[in-house]
1. How do 477, 91, 256 stack up against each other in accessible area, from largest to smallest, with a 1.4 angstrom probe?
2. Might you tell me the accessible area per residue for segment 282-419, computed with a 1.4 Å probe and given in Å²?
3. Can you give me the Cα centroid spacing of segment 397-474 and segment 348-377 in angstrom?
4. For 293, 406, 210, 4, give the ranking by accessible area with the largest first, probe 1.4 Å.
5. First select every other residue whose beta carbon is under 11 angstrom from the beta carbon of residue 288; then total the charges, Lys and Arg +1, Asp and Glu -1.
6. In whole angstrom, how long is each semi-axis of the equivalent ellipsoid of segment 340-453, when you take the square root of 5 times every eigenvalue of its Cα gyration tensor and sort them from largest down?
7. When the accessible area of segment 305-445 is split by element with a 1.4 Å probe, what percent falls to carbon and sulfur?
8. Net charge within 12 Å of residue 408 by Cβ-Cβ distance, Lys/Arg positive one each and Asp/Glu negative one each, not counting residue 408 itself?
Amino acid sequence: MTDRECMLRAIELAKQCTTETGKVSPKVGAVVMRDGIVLGEAYRGEMRAGDHAEYTVLEKKLADTTLAGATLFTTLEPCTSRHETTIPCVDRIIERRLGKVFIGVIDPNKSVKGEGELRLREGGVQVARFDSDLMSIIEELNRDFTRQHRPAGRSGAKELLSVPDQESIFDDPRLWYALSTRERTTYDELLRQNPSLAGLFLFGLQLTARANHFGVPYMIAHCGRELCKGVVHLLAGTEPLANPTDDTEKVDKDTDAFATLAGRAFGYPKETQIVREWAELQIYFNAVAHLRRKPPDGNEASRNFLRLTELTFGVIAPYFVTHQELQRILTIEVPTDVDEVQVRTILSRPTLRRLFFMSLQHPGWIERLRSLGVFDSPPVRNAFPDGSWSPVAWPEGEYLVRIAKRAPLAVAQILSAVPTSIDNPVVWDVAARGALELPFYDPLLTRKVTEGIKSIPYVVIDEGIRKLARRAATEHDENCFVLLDALLSVAGGQ
């Protein structure tokens, strides 16, 4: 069974739970798996009322089974305290030397909340989450149990974020769990694509709980500014720091120019409301991020950051449900016609397209992708009205570099067909690195790179092109002199 199949099985087990007499008890299912084989499963109260699912499967069903290195899937965070004579589930897991635990949702009980995961990590057990779409199912299944642990008049997220005033915002590890299902889903998606953006997203949310503390509004603005432009550059496939002249910062501070870039990233006209609102938030965060005589209003900074998190969900959400299908496709070594049809949907979405090509490892895809024309139009650099510019990533080319040793003829042909008019330095760096990965020296491709870099504006030459020049010299290829001349010409800004 796959990890997801075990998650789904644990949820099905949890549905079999019945509420215990005189209390609202959680519905919990647990599955133990090793190397794709289920060793045991249980649900709360299966063999005796009140017995935890983890206890039942570990101590009653698998008591004589060696579980070192196995994986546990449990729909609820394992408990950290029980009666004096009862060992908590966390300790049982650590004692049995399980290697990894997938947790569906954090226990809303204040005596456990977050502590179970921390104890597992401290005990050397890896901890992971159920898939985001399954977390909401578990929350709905346990809504009555959650409600009884939520103070009247306060949401769970607010209760978590409002730590006592004397504590630092950094002191309570339970802040990690102060996320709604939507926020957690957004965080997980950012974590997959760019961990730094995920950190900014989470840290900014934590800061909003202390928005009126001295200096905190500035920190919220910094998180908002970097998250705002970071998501745009991520989806657009551009680099936040464009070149040594920092032209990208000029773009990030100009509403119209930034809206143009954001519109391109989101796939909407720049006049669209979400694009304009995103650009306005970027300008706001830029304006209040630096120390000034009158500090920014904490409530306004918090309100704007929370709005940014909502917009972030909106521009990334279309990709959540497709990730499972993407992961399946990435395992296919030789695609069929059906696989080709499915991958067309992925290629139509910029973020999924980027993830597909940055993750794909199998050379068996190259001819089908080639027939779809995905390598025919390498990106040119972004040029803006004020004369500034930014390079654009070429994830399709990165795939070619990875498979160059295993499909050298096809890769050499594709890279040799790149138009010399392409003025994006990233493309020519990819072409140079691809040439270096080939199991043979290709003078025609070296010549193409030589001609291509003449279209590059003044910029520091990437190391891949420099290495190709040295390779040409060792092959006694006269192109090395032409390539070196081109390097000197570009480096000199001529």
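1. The residues order as 256, 91, 477, largest area first.
2. 47
3. Here the answer is 18 Å between Cα centres.
4. Largest accessible area first, the list is 293, 406, 4, 210.
5. So the surrounding residues net to +1.
6. In descending order, the three semi-axes are 22, 20, 11 Å.
7. Of all accessible area on segment 305-445, carbon and sulfur atoms account for 56 percent.
8. Every neighbour counted, the sum reads 0.
The values are calculated or read from the model by the stated rules, or taken from the named source; none is laboratory data. Just so it is clear, the model here is predicted, and its values are computed rather than measured. Cβ atoms come from the backbone with ideal geometry, glycine included; neighbour counts cover every protein chain shown. Just the protein is used for accessible areas: all its heavy atoms, side chains included, with ligands, DNA and RNA removed. Shrake-Rupley method; radii C 1.70, N 1.55, O 1.52, S 1.80 Å.
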